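Peer 1: Please see the structure below; I have some questions.
The values are calculated or read from the model by the stated rules, or taken from the named source; none is laboratory data. Here the structure is a predicted model, which means the values were calculated and not measured. All Cβ positions, glycine included, derive from the backbone under ideal geometry; neighbour counts span all protein chains shown.
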Amino acid sequence: MEYEAVIGLEVHTELKTNSKVFCGCTTAFGGEPNTHVCPICLGLPGVLPVLNKRVVEFAIKIGLALNCKIAAFSKFDRKNYYYPDLPKNYQISQYDLPIAAGGYLPIEVNGETKSIGITRVHMEEDAGKLLHSGESISRSPYSLVDYNRTGVPLLEIVSEPDLRTPEEARAYLEKLKAILQYTDVSDCKMEEGSLRCDANVSIRPVGSDKFGTKTEIKNMNSFRALQRALEYEIQRQREVLESGGRIVQETRSWDEAKGITVSMRSKEQAHDYRYFPEPDLVPLVIEREWVEEIRRSLPELPDARKERLIRDYGLPPYDAGVITSSRDLADFFDRTVALHPDAKTVSNWVMGELLRLLNAGNLDITRSLIKPAGLAELLRLMDQGTISGKMAKVIFEEMFSTGKDPGTIVREQGLVQISDEGELAAVVDRVLAGNPGVVEDFRAGKERALGFLVGQVMKETKGKANPGLVNKLLKERLGSN
């Protein structure tokens, strides 16, 4: 029997506010354990939460960016459950009246565009962090608790179960991350836990419209981990059903080292959390004027920016998609094109040499020592014939590792291209005189002989000769023009 997967993602993102959602404690990452805390976020008796207005603003902004309807009336609820990292034994969240709902997010996979429904966007507070003594929770004799993260503002973004493959799930999360960064509401540093993803996945016979029993996968901290975990879990469920077993609704953890999902606990139903309205916070009444003001402040989002690069610069859709996948990368591109208007050449260097070096060093574009002005100057030196394309790549790597501007590197390393025709003509004549057999091969119709002669000229000039001029001079002397 053929099966298809049904996948929905629950994404939690920490917001870029200076203080927590219900108190004035800092949201800064790190710090000594249990130092970024106060009686409010520790849930001590006799304290009251006060809502951070910036959190509401960011929630509205993301709701609008995801094409959601913003609720005129919204409220907070208590989500009751016991876990060591939750000091109050309940989490302030939103249940039946979230701030945003009913949106969608277009994704593109294998050249096909698909719209993924957004069920809801709601605000809540983060829990603390368990520090396991072993490699994972299942292999640790004990765990310690750090409450610094408790009360950090979160948005939970819940998709409809519209995803059918691990590739679609990855594309959805990548696109969502880009929107969160474009709107500047989150730094999305997955390694620091500011963007986290849980996946609900089930399988069903192809053609069926009924959902199978789902499992929830946690502990995925990268796009690769999400895709691998889903691939494994889909295969695991298929093998269970094909062997006559049944899927148990449960929460499973992704073990990155072993490449498997591991059962953690039976899956809670919503009613197990005993939601009820948060009595210490008044409901939210969102004025339409405020929503429209935030809508007007939205930046150019990834899809609109991609269309602009295609329309205004004539970039191929693939190039535009890669460049706009990151706001910082798109900003780098736009600033470079403002200084060197050959957009396709800029795109080639950004997508080729720059991304190659960044990926090799596992670096983000914000940590690159090469700035738009430096790349634009390098391209000008190529246009002027001062350096060759081969020299430019050498210079680019030096710029990447040292941060020096290209002009300085050219002067220090004597990398100026030789474009003086008289000087090169003398070198060409010496090469021809020293390789009579190759000359005869060329005149006998062996075109590859020309490449050998060009290489000899480049070797004698230590790679500094203008390749185009070398070809021209050789052809003139060999009578092939």
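Peer 1: Given the condition out of contact with any helix residue (DSSP H, G or I) (no Cβ under 9 Å at 6 or more places or on another chain), of a type in the set (Gly, Ala, Ser) and closer than 23 Å to SER202 by Cβ, answer yes or no: does some residue in the range 155-168 qualify?
Peer 2: For the range 155-168, residues out of contact with any helix residue (DSSP H, G or I) (no Cβ under 9 Å at 6 or more places or on another chain), of a type in the set (Gly, Ala, Ser) and closer than 23 Å to SER202 by Cβ: absent.
Peer 1: OK, next. Looking at the structure I just gave you, is GLU108 at pLDDT below 95, outside any loop (DSSP other than H, G, I, E, B) and assigned by TED's automatic domain parsing to the domain that holds ASP187?
Peer 2: yes
Peer 1: Regarding GLY479, is this residue loosely packed, with under 12 Cβ neighbours inside 10 Å, more than 46 Å from the chain's Cα centre (by Cα) and without any contact (Cβ under 8 Å) to a residue 60 or more places away in the chain?
Peer 2: yes
Peer 1: Same structure again: Can you report the number of residues in the range 94-105 which are over 14 Å from VAL11 (Cα atoms), part of a strand (DSSP E or B) and touching a helix residue (DSSP H, G or I) at 6+ places or on another chain (Cβ under 9 Å)?
Peer 2: The number of residues fulfilling the criteria is 3.
Peer 1: Still on this model: Is there any pair linking a residue in the range 349-371 that is of a type in the set (Val, Ile, Thr) to one that is assigned to a helix (DSSP H, G or I), with Cβ under 6 Å and at least six apart or on different chains, and which?
Peer 2: So the pair list comes out as VAL350/PHE333; ILE365/ASP328; ILE365/LEU329; ILE365/PHE332; THR366/ASP328; ILE370/MET399; ILE370/PHE400.
Peer 1: Within the range 33-53, track down each residue that is touching a residue at least 12 places away in the same chain (Cβ under 8 Å) and under 23 Å from SER143 (Cα atoms).
Peer 2: The answer is PRO33, ASN34, THR35, HIS36, VAL37, CYS38, CYS41, LEU42, GLY43.
Peer 1: Does LYS88 count as basic (Lys, Arg), more than 14 Å from GLY151 (Cα to Cα) and in contact (Cβ under 8 Å) with a residue 40 or more places away in the chain?
Peer 2: In short, no.
Peer 1: Right, another one. Please determine whether any residue of the range 422-441 is within 29 Å of TRP349 (Cα to Cα) and of a type in the set (Asp, Glu).
Peer 2: no
Peer 1: Sticking with this structure for a sec: Suppose we keep only residues that are of a type outside the set (Gly, Ala, Ser) and either within 25 Å of the chain's Cα centre (by Cα) or modelled with pLDDT of 95 or more (or both) within the range 121-143. Which one would you say is surrounded by the fewest Cβ atoms within 10 Å (Cβ to Cβ)?
Peer 2: LYS129
Peer 1: Can you run down the residue pairs with Cβ atoms below 8 Å, 6 or more apart or on separate chains, where the first is in the range 171-185 and part of a helix (DSSP H, G or I) and the partner is aromatic (Phe, Trp, Tyr)?
Peer 2: Cβ pairs passing all conditions: LEU173/PHE223; GLU174/PHE223.
Peer 1: Could you grab me the full set of residues in the range 321-377 that are over 23 Å from CYS188 (Cβ atoms) and of a type in the set (Val, Ile, Thr)?
Peer 2: THR336, VAL337, THR345, VAL346
Peer 1: Can you tell which of LYS464, LYS459 is under 24 Å from THR386 (Cβ atoms), among the basic types (Lys, Arg), in contact with a strand residue (DSSP E or B) (Cβ under 6 Å, 6 or more places away or on another chain) and not assigned by TED's automatic domain parsing to the domain that holds GLY385?
Peer 2: LYS464
Peer 1: For ARG308, state whether it is surrounded by 15 or more Cβ atoms within 10 Å (Cβ to Cβ), more than 30 Å from ALA71 (Cα to Cα) and modelled with pLDDT of 95 or more.
Peer 2: So ARG308 fits the description; yes.
Peer 1: Scan the range 458-481 residue by residue and report those that are within 16 Å of LEU415 (Cα to Cα) and either touching an Asp or Glu at 6+ places or on another chain (Cβ under 8 Å) or of a type outside the set (Lys, Arg) (or both).
Peer 2: Across the range 458-481, the qualifying residues are MET458, GLU460, THR461, GLY463, ALA465, ASN466, PRO467.
Peer 1: Next up: For the range 228-337, which fully contained helices (runs of 4 or more DSSP H) count at least 3 residues that are of a type in the set (Lys, Arg)?
Peer 2: 288-297, 302-313
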